[in-house]
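Reviewing the structure listed below.
Laboratory data are not the source of any read-out in this text; all were calculated from the coordinates shown. Just so it is clear, the structure is predicted and the values come from calculations on it, not from any experiment. In this analysis, Cβ positions are derived from the backbone assuming ideal geometry, glycine residues included, and neighbour counts consider all displayed protein chains.
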Amino acid sequence: MTTGQCKPVTNRYGDAREMATATAKKTKFKFRPMDDRVLIEPFESEDKTAGGIILPDTAREKPQRGKIIAKGPGKLLDSGNRGEMSVKVGDVVFYGKYAGTEIDVGDNKYVVVRETDILAIANK
């Protein structure tokens, strides 16, 4: 199982940003999304239908729900300031079916999407 942690990191300009460290079995990587992008760990799609039929891998739908592992600093506005992100690390979100870019790290899959591609935040 993958664990995600965020640590504040200071860049050469003195800006504090969050950087995710994800550990996948023996693979470690550091990932900091740019601008208004977020790194999402998708939840597994269902193996069975409501009627109990087991689905093969080719018939499963792409997951549209996942947990935010890391987020960028926010979109750079025309005024030069950064826009505030409306999501935070640890939120469970729904995103578009074909949104973002898939990234494989070892056996784990992640999706990088823009904040505007997130459809909703799931309440706990």
With a sphere of radius 12 Å drawn around the Cβ of LYS109, what net charge do the other residues whose Cβ falls strictly inside it have (Lys, Arg +1; Asp, Glu -1)? -4
Sort VAL89, VAL111, VAL38 so that the residue with the fewest other Cβ atoms within 10 Å of its own Cβ comes first and the one with the most comes last. VAL89, VAL111, VAL38
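When only Cα pairs under 8 Å and 6 or more residues apart are kept, what is the percent relative contact order across region 32-121? Walk me through the numbers on the way to the answer.
On the way: 172 pairs, mean separation 30.5, N = 90.
Over region 32-121, the number comes to 34 percent.
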Given pairs LYS30/LYS62; LYS62/LYS109; LYS30/LYS109; LYS30/LYS71 and cut-off 18 Å on Cα-Cα distance, the over-length ones are LYS30/LYS62
Simple spin-label estimate for GLU44/ILE103, 7 Å along Cα→Cβ, in nm, reads 2.3 nm
Region 32-121: mean projected area of Cα convex hull, nm²: 6.8 nm²
Per the charge dipole of region 32-121 (beta-carbon charges, Lys/Arg positive, Asp/Glu negative, Cα centre), the residue among THR49, GLY90, GLY100 reaching farthest to the positive end is GLY90
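Loop only by DSSP, 11 or fewer other Cβ within 10 Å of the Cβ. Give me the chymotrypsin sites (Phe, Trp or Tyr not before Pro) in region 33-122 that pass, ordered by residue number. Could the numbers behind the result be given before it?
Working: sites: PHE43, PHE94, TYR95, TYR98, TYR110; in loops: PHE43, TYR98.
Passing both the DSSP loop test and the Cβ count: TYR98.
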